[in-house]
């Protein structure tokens with residue numbers, strides 16, 4: 001993402017207009033527009049003022065990732081009833097086709113049995129709910145995967 005988009009999305013996330021930002025940092029609305037369209041760029045002092053106004057670090061402002069922000073907001077707003085309706089395998093399968101094909105190749109019943117035993121061990125040993133045990137096991141698997149890839 002470019003700097004102009006980062007400035008635009010950070011401003012929008014805070015719910016501020018170009019006029020409000022311009023007034024608060026002492027420039028014209030047109031200047032804010034030029035920064036957001038990459039016609040010009042703010043100097044470091046103006047960038048620091050905007051970062052403070054937008055309640056982000058200067059690094060975050062420069063590298064503002066709207067996709068990550070949107071994903072985090074969607075996760076926070078997600079509803080369990082809606083999540084139950086989503087076929088996550090099909091959704092993720094568009095990006096990772098293996099999710100759509102492994103069921104016919106892998107003995108899933110065998111692995112499901114073994115994984116269920118691990119869920120139960122975590123749940124019983126720590127007094128977690130089934131969902132919490134699943135999340136812990138998912139996190140353990142992910143961290144093992146990261147270590148494996150080093």
Quick check: the angle from helix 66-77's long axis to the longest principal axis of the chain, C-alpha only, nearest 10 degrees?
60
Burial ordering of 115, 32, fewest other beta-carbon atoms within 10 Å first:
115, 32
Express the relative contact order of the chain as a whole percentage, based on alpha carbon pairs under 8 Å and six or more residues apart in sequence.
17
Relative to the longest principal axis of the chain, what angle (0 to 90°, nearest 10) does the C-alpha long axis of helix 3-13 take?
80
Of the convex hull enclosing the alpha-carbon atoms of the stretch 8-84, the direction-averaged projected area in nm² is 5.7
In percent, how large is the relative contact order of the stretch 3-67, given Cα pairs closer than 8 Å and 6 or more residues apart?
44
Note the listed values [x] 13.6; [y] 8.3; [z] 9.7, then indicate which one is mean projected area of the Cα convex hull in nm² calculated from this particular structure.
[x]
Kirkwood-type radius of the stretch 80-148, with distances r between different C-alpha atoms, in Å
13.9
Mind pulling the angle between the C-alpha long axis of helix 108-126 and the longest principal axis of the chain? Nearest 10 degrees, somewhere in 0 to 90.
70
Relative contact order (%) - criterion: Cα under 8 Å, at least six apart; region: the stretch 80-148
15
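No value in this document is a laboratory result; all are computed from the given coordinates. None of these values were measured; they are calculated from a predicted model. Using ideal geometry, Cβ is built from the backbone for each residue, glycine included, and neighbour counts are taken over all protein chains shown.
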